[in-house]
Each structure stands twice: as C-alpha cells, then as structure tokens.
1. What number of residues within region 51-105 satisfy the criterion of being crowded, with 19+ Cβ neighbours inside 10 Å and either of a type in the set (G, A, S) or part of a loop (DSSP other than H, G, I, E, B) (or both)?
2. Search region 15-44 for residues that are at negative phi and pair each with any residue that is modelled with pLDDT under 95 and aliphatic (A, V, I, L, M) when their beta-carbon atoms are under 9 Å apart and the residues are at least 6 apart or on different chains.
3. Looking at V2, is it modelled with pLDDT of 95 or more, in contact with a strand residue (DSSP E or B) (Cβ under 8 Å, 6 or more places away or on another chain), surrounded by fewer than 19 Cβ atoms within 10 Å (Cβ to Cβ) and of a type in the set (V, I, T)?
4. Taking the residues in region 106-115 that are among the hydroxyl-bearing types (S, T, Y) and in a strand (DSSP E or B) as candidates, determine which candidate is nearest to V12 (Cα to Cα).
5. Among the residues of region 5-45, what is the count of those that are assigned to a strand (DSSP E or B) and open to solvent by less than 60 Å² (accessible area, probe 1.4 Å)?
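The values are calculated or read from the model by the stated rules, or taken from the named source; none is laboratory data. Source: prediction; values computed, not measured. Reconstructed Cβ throughout: ideal geometry from the backbone, glycine too, with neighbour counts over all protein chains shown. Surface areas here come from the heavy atoms of the whole protein model, side chains and all, with no ligands, DNA or RNA. Shrake-Rupley method; radii C 1.70, N 1.55, O 1.52, S 1.80 Å.
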Amino acid sequence: QVNFVESGGGLVQPGGSLGLSCAASGITFSGRSMAWYRRAPGKSRELVARITTGGSTNCADSVKGRFTISRDDAKNTLYLQMNSLKLEDTAIYYCNTPSPPWLLWGQGTQVTVSS
C-alpha cells in the first residue's frame, strides 16, 4: 500500500526557512516523478514544485527562487527547502505524483508563516 508521510512543518516568521520531507513507501520511488503540493485555507490545492526521475525540477512562479525541491532515491524521500517564507506560503503541504492519477494522499504537514 502506498504511504506518504510528510514532516518538517511548523511556525516560522516571515523571511524564515523550513525544510520539509516526504517519506514514501509502497511505490518504486526512484521510477516516479514527484511533486509537492499545498492547500491554503479557503483555496484549492496548488502544485508547488515537481522533480523528474532524472532530477530536473520546476517550481510554480509564486515560489520560484525561494523553494527548492530535491530527492534521495536511496532513502525514498522527497524534500522541499523553503527560504524567504511569506505569509501567503501558509498552507498544508503534501507530496504526490505531479499529475493524476494521484496516489493515496498523506496527512500533510502544516506550515504557518506568521509574525
């Protein structure tokens, strides 16, 4: 059974940094492109960043230059380094494949940017 466990969220001030992790199990992680998503209060889910099996990355314009996605296939883990955080980055962050059909969603990890 597919299982994603996101971690690393928390409360941070504007301009701060956080590093998120997503531990994957039940899939051939190295054979899949992966992505980070977020859902802010009252908004629909947004794709934040994606990474291919070869390590090519792409980020949403809203986070470009501030967020970096990476992966460690030996650890079946996806990462998101978030710098220069803004109030509008407040959301629950999830990992999954970059396009449907999505796998079973994890619980996500809450990121709150507040002064």
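1. Here the count works out to 3.
2. Pairs found: A24/V2; A24/L103; S25/V2; I27/V2; I27/L103; R32/L103.
3. On the way: modelled with pLDDT of 95 or more: no; in contact with a strand residue (DSSP E or B) (Cβ under 8 Å, 6 or more places away or on another chain): yes; surrounded by fewer than 19 Cβ atoms within 10 Å (Cβ to Cβ): yes; of a type in the set (V, I, T): yes.
No; evaluated as a whole, the condition is false for this residue.
4. T112
5. 17
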